[in-house]
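Comments concern the structure below.
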Amino acid sequence: MNKGGAGGGTSGAGGPTVGAAAAAAQKQKSLLQRVDNDIGSIVDNFNSVVNVARVNDPPVRNSQEAFMMEVRAARMVQAADSLLKLVSELKQTAIFSGFASLNDHVDKRTKELNQQAEKTDSILARIGEDAAASLKEMESHYYSSVLRSNNRLEQ
């Protein structure tokens, strides 16, 4: 439960503030208390159902025990439902904080790639200028060379 908590979405600029960290710690504490209470309730009610699940001779006693079993089973269902809601809440928190973190990562990576593209463009432009200058220099040497002049005379 530590990783998907409320402070997970602020990982972009050096971590959460002190207030956000305190709020995340408080939320984690309350969630752990809910889990402990719900699991304790399920265990206590299950023990009671098992203890009451004896068959006795008097019919009135059996109906009372059956009613107690129904009540305890209903409490177990409520505690289990509370745990399911808690799991759903944790999943939503993890998903939404994950999206925020993912968006931050995508923005950061986009900036890095844009900078790299600008550097690449400037390098390519410099290479193009160097190639054009070299080509111009080679053309001037070619047109002023003795070999070109001899080739023209022979033709």
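Taken as a whole, the structure leaves LEU83 outside the set of residues that are open to solvent by 60 Å² or more (accessible area, probe 1.4 Å) and either hydrophobic (A, V, I, L, M, F, W, C) or within 30 Å of VAL43 (Cα to Cα) (or both).
All of MET69, MET76 fail the test of being over 30 Å from LYS29 (Cα atoms), touching a helix residue (DSSP H, G or I) at 6+ places or on another chain (Cβ under 6 Å) and surrounded by 10 or more Cβ atoms within 10 Å (Cβ to Cβ), apart from MET69. Counting residues in region 96-106 that are more than 30 Å from ASN37 (Cβ to Cβ), modelled with pLDDT under 90 and loosely packed, with under 11 Cβ neighbours inside 10 Å gives one or more. Kindly check whether there is at least one residue in region 3-13 that is at pLDDT below 70, surrounded by 11 or more Cβ atoms within 10 Å (Cβ to Cβ) and out of contact with any helix residue (DSSP H, G or I) (no Cβ under 7 Å at 6 or more places or on another chain). Checked region 3-13: no residue is at pLDDT below 70, surrounded by 11 or more Cβ atoms within 10 Å (Cβ to Cβ) and out of contact with any helix residue (DSSP H, G or I) (no Cβ under 7 Å at 6 or more places or on another chain).
The values are calculated or read from the model by the stated rules, or taken from the named source; none is laboratory data. As the structure is a prediction and not an experimental result, all values here were calculated from the model. Note: ideal-geometry Cβ built from the backbone for every residue, glycine included; neighbour counts use all protein chains shown. The area values use the complete protein model at the heavy-atom level, side chains included, leaving out ligands, DNA and RNA. Shrake-Rupley method; radii C 1.70, N 1.55, O 1.52, S 1.80 Å.
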